[in-house]
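Undergrad: Sharing a structure, written as structure tokens. Questions coming.
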Amino acid sequence: MPEHAIDAIVEIFSWAGFGLGALFAGIALVMYLLDGTWVPTRAVLEDTEHGHVARWFDEDGNVNEASLTREQEHEIGRKDMADVFYRRGARNRMRLTQRSPAVRAVALLAVGLLTVGALSLIASLVLLFVRG
């Protein structure tokens, strides 16, 4: 493969890595800000005619209730109580993790793309000095 083709490929990977990495980092930041604040609490788990539900008290002393998804039921098992996170300012919203898995996935994609950009930039500099 000609030298200029390798240089072009490395250049494309560096620009694409940095550009797309910055774009996805911005998207992850917006997703993080829109996700809101999730507060830890202890929930009581009960069986009802509509399935398993979690009930908990929020900061204001209000009782909240949310039906468990199959994934949440599988993760919690047959416990009577569980540590959950509820969204501050919203009623009846809870999840088992404080941080959103979607935000984490987009942030990891951004880090991966920025790494590709950095490695391509390093490869470009190495090729520049090896040939020079």
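Undergrad: Could you give the spread of the C-alpha atoms of the chain along their three principal axes, from largest to smallest, in whole angstroms?
TA: 73, 28, 19
Undergrad: Once the mean 1/r over all distinct Cα pairs of region 38-95 is inverted, what Kirkwood radius in angstroms do you read off?
TA: Details: mean 1/r = 0.0881 Å⁻¹.
Averaging 1/r across every pair of different Cα atoms and inverting gives 11.4 Å.
Undergrad: In nanometres, what is the gap between the two model label sites at residue 65 and residue 90, each 7 Å from Cα along Cα-to-Cβ?
TA: Distance between the two pseudo-spin positions: 2.0 nm.
Undergrad: With the cut-off at 13 Å, report for region 1-61 the share of all Cα pairs above it, as a whole percent.
TA: Above the 13 Å cut-off, region 1-61 has 78 percent of its Cα pairs.
Undergrad: How far is helix 101-131 tilted, in degrees, relative to the longest principal axis of the Cα atoms in the chain, given as a value from 0 to 90 rounded to the nearest 10?
TA: 10
Undergrad: Here is a further query. Within a 10 angstrom radius of the beta carbon, how do 38, 56, 15 rank from fewest other beta carbons to most?
TA: Ordered by Cβ neighbours within 10 Å, fewest first: 15, 38, 56.
Undergrad: Full-extension gain between residue 73 and residue 124, please, as 0.36 nm times their residue separation minus the C-alpha to C-alpha distance.
TA: On the way: separation 51, 0.36 × 51 = 18.36 nm, distance 5.05 nm.
Full extension of this stretch gives 13.3 nm more.
Undergrad: Tell me, 83, 7 in order of fewest to most beta-carbon neighbours within 10 Å? Let's see the in-between values first.
TA: Details: 83 11, 7 15.
Result, fewest neighbours first: 83, 7.
Undergrad: In percent, what relative contact order does the chain have, based on Cα pairs under 8 Å that are 6 or more apart in sequence? If you can, show how the numbers build up before the last one.
TA: Values: 171 pairs, mean separation 49.5, N = 132.
Contact order relative to length: 37 percent.
Undergrad: Connecting C-alpha atoms closer than 10 Å in a GNM of the chain, tell me which of 71, 59, 11 has the biggest fluctuation.
TA: 71
Every number here is computed from the coordinates shown, using simple stated rules; none is lab data. Model, not experiment: these values are computed from the prediction. Neighbour counts are summed over all protein chains in view; Cβ atoms, including those assigned to glycine, are modelled from backbone coordinates with ideal geometry.
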